[in-house]
Amino acid sequence: GTLAAADSVDRRPPSPKPPPLRLPKSLPLRSLKPYLLSQSGPVLLGWLCGAVSAFSLSKLVPRIGKFSSDFAGADVFRLRGEGFALGVLLLARAVSSYLQHAFLWDAALKAVYRVRVDAFERVLERDLGFFEGGGGVSAGDIAYRITAEASDVADTIYALLNTIVPSTLQLSAMAMQMLTISPALSLISAVIIPCVALVIAFLGERLRKISKKANLSIAALSAYLNEVLPAIVFVKANNAEACEIARFKRLARVDLSERLKKRKMKALIPQIIQSIYMGALFLFCAGSLLLSKGSFEGCSMVSFVTSLVLIIEPIQDVGKAYNELKQGEPAIERLFELGRFKAKVMEKPDEIHLDNMAGELKFCHVSFRYSDKMALVLDRLDLHIKAGETVALVGPSGGGKTTLVKLLLRLYDPSSGCICVDNYNIQNIQLKSLRRHVCLVSQDITLFSGTVAENIGYRDLMNGIDMDRVELAGQLANADEFIKKLPEGYNTNIGPRGSVLSGGQKQRLAIARAVYQDPSILILDEATSALDSRSELLVRQALQRLMETRTVLVIAHRLETVLMANRIFTLNDGRLQELTRSSLLGGHLNSLESEGLVI
Ligand code: ADP
Ligand code: MG
């Protein structure tokens, strides 16, 4: 099912979706504002260096002219001092220009570092619905936004910072020159500015739309690769290489055409703008012809044309920066979109912090559906589990067992009804302390590349892992034996997603991790389904030890596992029903199978 999702290029917004926070139209720059403000130090320094660089340049240009013309006179002694001054100015310009770029990149990259960290934080805060279900945003898409698109944003910020102030300085300096020489001619020349601005604005908007499509197409490609590469065994086993290459080509071709459109647009824009300049020059020539009949001197004419040439460059730069912004806008938008929706699962302000949890568990009239259009998965479900009790849950797949677990961990909140732990509504308990005491070992095991010890002691990864406790957990989960046989024992790296381990070994590691965490409420969601009978027996014995001191909710298909529980329930069509032990033991094979049990 997951492979099929890779096809769609246009990803619909996530569902279930809370109302989006309406943002102003000038969203991209405004959302960057706090990040840029936090970098005001290097920005100001960069701009200062830019001013120094422009100033040295303005001193340098006339001196170079004078120096070269004086050279003919060849009073070498007098020229020596002048040459020294030139050298100092050249060095000053080179150093200040270098520092300008260094400071502005520093600001741009640090700002984007913060944007990136915030985006990742917001992604981790989001409701599970953002990632799951039909409208979910794929990991590849998110990865693309936070990596490549964030880098694009750095380029945009840099271009803006680098262009705006130095260019404005040059622009205003040259404008002053022109105005003092001839106000009339300046006004005629000024006609080009609004023309260029209008065209740039129009083309910039087109460029933004094209860039957005190009970003979506490359994100789709990235999402596709993120799904298909981890499934490489599946692809090879199904002889599906050719099929996957065809799918890759289709997505890559979409990206090709979008990217080509963008490149063409970027090539076209400067041509159009330059043509406008040419037109304006003709206009200017006509004006100068008229004026030259009057009292205009040749020398002033030269200065004026020089200023005009020099003013075109910064205008062009501002135009380029504007285009850079338009091109970066979709990337900024998509990056900030990650945090645009408010999480539904939220802590209340007066949350309860639980240091200890006895483990009493109550489901009161809990109903749940994944989205408004979908049917109820859980229907007014009631269940009371006493502290320390072990309850088994059986039932056909799709019956809602895993959903029940997700509600208990507050990955989703019930549509109606409530769940209580130790008589506190879990919606009033601090999320961290709830999840600290409730531990899930699920069928889909999550292992990270890293050592066995890091995976078992994951909870303490930040604060230092207790190795004795890791080994104890390994023993209790009956994983010690195979771990010791690994090349470096507990310090063996288990590869991406634990790829060097077998399915059963992975499950035992996951159980060891739960033992390490020592939760008050332990949930085993088909956690032992990949074990062989012998390992299952050993793990079951280990679990039996664990069960003595905590509340356990075990979802399983094996009769022996289920029989360890104090009480057994079936979950079918969102309804819960208690099974008596005798009905199970004396039951017919067929009826047991209909409860989803394996004997
Ligand atoms: P079980 O664990 O008992 O096999 P689940 O709780 O995983 O069943 O699923 C119960 C029902 O909810 C199924 O019909 C399934 O298709 C649906 N479902 C599960 N996860 C989602 C989701 N993220 N979005 C929409 N529907 C879902
Ligand atoms: Mg399940």
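The values are calculated or read from the model by the stated rules, or taken from the named source; none is laboratory data. No experiment lies behind these values; they were computed from the predicted model shown. Cβ atoms come from the backbone with ideal geometry, glycine included; neighbour counts cover every protein chain shown.
Just a few scattered comments:
- Among the residues listed as 125, 132, the single one being within 16 Å of ligand 2 (Cβ to nearest atom), at pLDDT below 90 and on the phi < 0 side of the Ramachandran plot: 132
- Residue identified as within 16 Å of ligand 2 (Cβ to nearest atom), under 27 Å from the mean Cα position of the chain (by Cα) and at pLDDT 90 or above among 404, 440, 434: 440
- When residue 344 is tested against (1) on the phi > 0 side of the Ramachandran plot; (2) assigned to a loop (DSSP other than H, G, I, E, B); (3) among the basic types (Lys, Arg), only condition (1) is not met.
- Only helices (runs of 4 or more DSSP H) whose full extent lies in the stretch 521-585 are considered here, and the ones with at least 3 residues that are of a type in the set (Gly, Ala, Ser) and either more than 22 Å from residue 403 (Cβ to Cβ) or more than 16 Å from ligand 1 (Cβ to nearest atom) (or both) are 533-547.
- Those residues of the stretch 217-254 which are part of a loop (DSSP other than H, G, I, E, B) and closer than 21 Å to residue 136 by Cβ, in sequence order: 229, 230, 231
- Contact map, the stretch 348-370: first residue within 27 Å of residue 400 (Cα to Cα), second residue surrounded by fewer than 18 Cβ atoms within 10 Å (Cβ to Cβ) and hydroxyl-bearing (Ser, Thr, Tyr), Cβ cut-off under 6 Å, separation 6 or more or different chains; pairs are 367/415; 367/416; 368/415; 369/415.
- Pairs are defined by a Cβ separation below 8 Å, a sequence spacing of at least 6 or placement on different chains, a first member in the stretch 117-133 that is over 15 Å from residue 340 (Cβ atoms) and among the small types (Gly, Ala, Ser), and a second member that is within 11 Å of ligand 1 (Cβ to nearest atom) and at pLDDT 90 or above; the pairs so defined are 133/370.
- Criterion (at pLDDT 80 or above and buried (at least 18 other Cβ atoms within 10 Å of the Cβ)) met by exactly one of 182, 211: 211
- Whichever residue in the stretch 8-67 is outside any helix (DSSP H, G or I) and at pLDDT 70 or above and, among such residues, is surrounded by the most Cβ atoms within 10 Å (Cβ to Cβ): 39
- Candidates are the residues of the stretch 443-456 that are in a loop (DSSP other than H, G, I, E, B), of a type outside the set (Phe, Trp, Tyr) and within 25 Å of the chain's Cα centre (by Cα); the one that is surrounded by the fewest Cβ atoms within 10 Å (Cβ to Cβ) is 444.
- Check on residue 552, within 16 Å of ligand 2 (Cβ to nearest atom), under 22 Å from residue 360 (Cα atoms) and either over 31 Å from the mean Cα position of the chain (by Cα) or not aliphatic (A, V, I, L, M) (or both): no
- Identity of the residue in the stretch 374-384, assigned to a strand (DSSP E or B) and touching a Gly at 6+ places or on another chain (Cβ under 6 Å), that ends up nearest to ligand 1 (Cβ to nearest atom): 378
- Residues (buried (at least 20 other Cβ atoms within 10 Å of the Cβ) and not in a loop (DSSP other than H, G, I, E, B)) located in the stretch 409-421: 419, 421
- Assessment of the stretch 393-412 against the conditions (closer than 24 Å to residue 125 by Cβ, away from ligand 1 (no atom under 16 Å from the Cβ) and out of contact with any Cys (no Cβ under 6 Å at 6 or more places or on another chain)) yields no matching residue.
- Residues of the stretch 522-549 satisfying the condition of being among the β-branched types (Val, Ile, Thr) and touching a helix residue (DSSP H, G or I) at 6+ places or on another chain (Cβ under 9 Å): 523, 528, 539
- Restricting the stretch 86-108 to residues that are among the aliphatic types (A, V, I, L, M) and buried (at least 17 other Cβ atoms within 10 Å of the Cβ) leaves a set whose member that is nearest to ligand 1 (Cβ to nearest atom) is 108.
Per-residue answers, yes or no, for (1) of a type in the set (Gly, Ala, Ser); (2) closer than 18 Å to residue 440 by Cβ; (3) more than 38 Å from the chain's Cα centre (by Cα):
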site: 495; (1), (2), (3): yes, no, no
site: 501; (1), (2), (3): no, no, no
site: 505; (1), (2), (3): no, no, no
site: 516; (1), (2), (3): no, yes, no
site: 521; (1), (2), (3): no, yes, no
site: 530; (1), (2), (3): yes, yes, no
site: 540; (1), (2), (3): no, no, yes
site: 548; (1), (2), (3): no, no, yes
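- Condition check for residue 396 on (1) away from ligand 2 (no atom under 16 Å from the Cβ); (2) surrounded by fewer than 16 Cβ atoms within 10 Å (Cβ to Cβ): one failure, at (1).
- Pick from the stretch 560-585, criterion modelled with pLDDT under 80 and of a type in the set (A, V, I, L, M), ranking: surrounded by the fewest Cβ atoms within 10 Å (Cβ to Cβ): 585
- Of all the residues in the stretch 155-177, those that are at pLDDT 75 or above, within 25 Å of residue 275 (Cβ to Cβ) and surrounded by 18 or more Cβ atoms within 10 Å (Cβ to Cβ) number 4.
- Count of the stretch 531-558 residues which are among the aliphatic types (A, V, I, L, M), touching a residue at least 40 places away in the same chain (Cβ under 8 Å) and surrounded by fewer than 18 Cβ atoms within 10 Å (Cβ to Cβ): 1
- Odd one out for residue 387, checked against (1) of a type outside the set (Ser, Thr, Tyr); (2) within 14 Å of ligand 1 (Cβ to nearest atom); (3) surrounded by fewer than 21 Cβ atoms within 10 Å (Cβ to Cβ); (4) within 17 Å of residue 437 (Cβ to Cβ): (2)
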